[in-house]
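Notes follow once the structure below has been shown.
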C-alpha cells in the first residue's frame, strides 16, 4: 500500500513539473528582492540573446508581491540596451490591486503573482544581446512587500 502511494505521489510530482513548463518561452527569469524590501537604487538586470528577428514574441513583466505592499500599483522604469548599444527607457504602471483593494494576480494567501503583458506580437529589431534593467519608479525610497521581479519572453501564438 505504501509503495503504491509513493509511486502515485512521484507520478503526480512529475506531471505537475512537466505540465508547468512552457515550451514557447525563450526566456523566463526573475530576481529575488532582498527581504521583500526593494530599494530605489537596486536594479533587476536580465540579459537575453536574440537570434531570430523574424519570430513574433510576447513580452511580460512578472511581479510577486505580498500583502505588506501598501499600494495598488507599481511604477517601474524599463531600460533596454540594444545590441548596437542604443538605449531606451520606458515608464510602466503595473496594477496590482483593483479599485476596491482586492489583489490581482494568482496565488493563495498573502503572496500574489502578476504576469503583466507589456508587448504582444513584437519583433526584436537586431540579433544579439539585449539587456533589460528594471528599477522601481515610486516616490518611496524603499518598497516593502515586493518579493520578485522578472521578465518572460515567449513566442506569440
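Quick grid of which residues meet (1) surrounded by fewer than 14 Cβ atoms within 10 Å (Cβ to Cβ); (2) free of Cβ contacts under 8 Å to residues at least 24 places away in the same chain:
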| site | (1), (2) |
| --- | --- |
| 69 | no, no |
| 74 | no, no |
| 81 | no, no |
| 86 | yes, yes |
| 90 | yes, yes |
| 96 | no, no |
| 121 | yes, no |
| 131 | no, no |
| 139 | yes, yes |
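Suppose we filter the range 88-145 for residues that are more than 14 Å from the chain's Cα centre (by Cα) and closer than 18 Å to residue 31 by Cα; how many remain?
Qualifying residue count, the range 88-145: 8.
We did not get these values from a lab; they are worked out from the coordinates using the rules stated. Worth saying up front: this structure is predicted, and the values here are computed from it rather than measured. Cβ atoms come from the backbone with ideal geometry, glycine included; neighbour counts cover every protein chain shown.
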